[in-house]
Each structure stands twice: as structure tokens, then as C-alpha cells.
Amino acid sequence: MLSEQGIPASEIKLAKILMDKPAPHTTAQSWAIYDQKTNTLLFGKMERERRECASLTKIMTAYTVFKLIERMKVDETTLV
């Protein structure tokens with residue numbers, strides 16, 4: 001759905017989120033952060049561009065962390 005200015009509603013929603021919580025700083029060429037519960041994009045930079053896969057080590061590290069959070073019932077919003 002487009003607004004009167006021709007901007008997709010999802011981009012307007014993301015802009016409102018970014019005003020309250022700015023995107024994290026990173027030097028990556030492209031990245032994306034999704035909310036798994038709502039299956040929506042929270043932040044992103046060139047997230048729709050086709051890119052080579054990130055290193056398998058990074059992917060497996062993230063996968064392992066998520067599985068440990070799930071298995072140990074850790075609140076992922078808690079800072080250590």
C-alpha cells in the first residue's frame with residue numbers, strides 16, 4: 001500500500017520506528033534485522049540487494065547463540 005506521496009506504508013512504519021530507536025551503527029555493506037515473532041523488518045541497509053552469503057562461521061555462531069538462548073530460556077533483551 002502506498003501513501004499519498006507514493007511511499008510504501010512499510011517504509012513509513014520503519015521510519016517511525018527509527019525515530020524512536022535509531023538503527024545500530026555498522027560498517028557492513030548490507031544487513032537486515034527482522035522481528036521473528038511478527039516476521040517484519042526492523043532495520044536494514046540495502047537489505048534487498050543480492051549479495052554473496054556471509055561466512056559460514058558467522059552464520060553458525062549466530063545459529064548457536066539463538067539455539068542456546070532458546071534452550072536455556074534466556075531473555076534475549078537482558079544485557080550481561
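Looking only at segment 48-80, residues that are within 27 Å of Glu11 (Cα to Cα), of a type in the set (Asp, Glu) and either outside any loop (DSSP other than H, G, I, E, B) or modelled with pLDDT under 85 (or both) come to 2 in all. For segment 17-47, a residue qualifies if it is charged (D, E, K, R), in a loop (DSSP other than H, G, I, E, B) and surrounded by 11 or more Cβ atoms within 10 Å (Cβ to Cβ), and exactly one does: Glu47. Within segment 47-60, residues that are of a type in the set (Lys, Arg) reach partners that are surrounded by 10 or more Cβ atoms within 10 Å (Cβ to Cβ) and modelled with pLDDT of 80 or more with beta carbons closer than 8 Å, at six or more positions or on different chains, in the pairs Arg51/Ser30. Can you tell me which residue in segment 33-46 is nearest to Thr77 (Cα to Cα), limited to those that are in contact (Cβ under 8 Å) with a residue 12 or more places away in the chain and of a type in the set (A, V, I, L, M)? Looking at residues that are in contact (Cβ under 8 Å) with a residue 12 or more places away in the chain and of a type in the set (A, V, I, L, M), I get Leu42.
The values are calculated or read from the model by the stated rules, or taken from the named source; none is laboratory data. Remember, predicted model here, so these are calculated numbers, not experimental data. Because the Cβ atoms are built from the backbone with ideal geometry, glycine has one as well, and the counts that use them run over all protein chains shown.
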